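First the structure, in the form of structure tokens, and then the observations on it.
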Amino acid sequence: MLDLACGSGRHVRWLAAQGFAVTAVDRDAAALEPLRSIAQVHVADLEGAPWPLPGARFDAVVVINYLWRPLWPELLAALAEGGVLIYETFADGNQSVGKPSRADFLLRHGELLQVARGLRIVAYEDGYLEPPPRYVQRIAAVADGAADRRYPLQVEQAPGA
């Protein structure tokens with residue numbers, strides 16, 4: 001199981017406590033250090049360096065509160081057959097209630113559905129939550145074998161946009 005951009009490891013700790021073998025990736029070596037006893041850790045600059053786990057496949061890929069669109073092809077390729085993608089991060093609308101507020105860090109409406117095209121969607125939400133007040137998108141999707149996991153995102157401009 002991969003926890004990408006795991007920060008201090010809140011999800012890594014929980015997953016490991018449930019008995020999962022976890023791979024934790026983040027750029028903050030100090031935050032990863034305490035996780036070494038419960039996870040395989042990789043210090044990596046996810047935005048400025050090559051993908052740190054070429055060829056690795058995982059039964060689950062978890063990404064929470066992190067968005068770097070260029071990684072989506074690697075994330076999809078990292079899903080093993082039957083693997084689950086769990087992704088949640090801030091969405092458009094969040095700029096009205098707090099940070100992040102830059103469009104680069106906010107998912108567009110339905111964007112995770114487009115990213116996961118070719119996977120079997122198990123659950124999807126796009127909306128407002130509190131506390132704290134925030135707009136998020138979240139998805140759980142399975143690479144079930146019938147899916148074509150080549151990078152499926154093709155953003156089409158709406159008429160008149």
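Things to note:
- Members of region 24-48 that are of a type in the set (A, V, I, L, M) and in contact (Cβ under 8 Å) with a residue 24 or more places away in the chain: Val25, Ala31, Leu32, Leu35, Ile38, Ala39, Leu46
- Checking each residue in region 49-79 for being farther than 16 Å from Ala5 by Cβ, touching a strand residue (DSSP E or B) at 6+ places or on another chain (Cβ under 7 Å) and free of Cβ contacts under 8 Å to residues at least 60 places away in the same chain picks out Arg57, Asp59.
- Index of the failed condition, Pro73 passing every other in (1) at pLDDT 95 or above; (2) surrounded by fewer than 14 Cβ atoms within 10 Å (Cβ to Cβ): (2)
- Test: residue in region 80-94 that is of a type in the set (Val, Ile, Thr), within 16 Å of Met1 (Cβ to Cβ) and modelled with pLDDT of 95 or more: yes
- The set of residues in region 19-76 being assigned to a helix (DSSP H, G or I) and closer than 23 Å to Leu112 by Cα consists of Arg69, Pro70, Leu71, Trp72, Pro73, Glu74, Leu75, Leu76.
- The residues of region 130-142 that are free of Cβ contacts under 8 Å to residues at least 60 places away in the same chain, surrounded by 13 or more Cβ atoms within 10 Å (Cβ to Cβ) and not aromatic (Phe, Trp, Tyr), listed by number, are Arg134, Val136, Gln137, Arg138, Ile139, Ala140, Ala141.
- Pairs, first within 20 Å of Glu47 (Cα to Cα) in region 87-107, second assigned to a helix (DSSP H, G or I) and aromatic (Phe, Trp, Tyr), C-beta under 7 Å, six or more apart: Phe90/Phe105
- Residue check, Val12 within 14 Å of the chain's Cα centre (by Cα), of a type outside the set (Asp, Glu) and over 22 Å from Tyr124 (Cα atoms): yes
- Single unsatisfied condition, Asp3 versus (1) of a type in the set (Asp, Glu); (2) in a helix (DSSP H, G or I); (3) in contact (Cβ under 8 Å) with a residue 24 or more places away in the chain: (2)
- Residues that are closer than 15 Å to Leu15 by Cα and small (Gly, Ala, Ser), drawn from region 27-47: Ser37, Ala39
- Residues of region 102-139 classified as assigned to a loop (DSSP other than H, G, I, E, B), farther than 26 Å from Ala77 by Cβ and not basic (Lys, Arg), total: 4
The values are calculated or read from the model by the stated rules, or taken from the named source; none is laboratory data. Computed from a predicted model, the values in this text were never measured in an experiment. Using ideal geometry, Cβ is built from the backbone for each residue, glycine included, and neighbour counts are taken over all protein chains shown.
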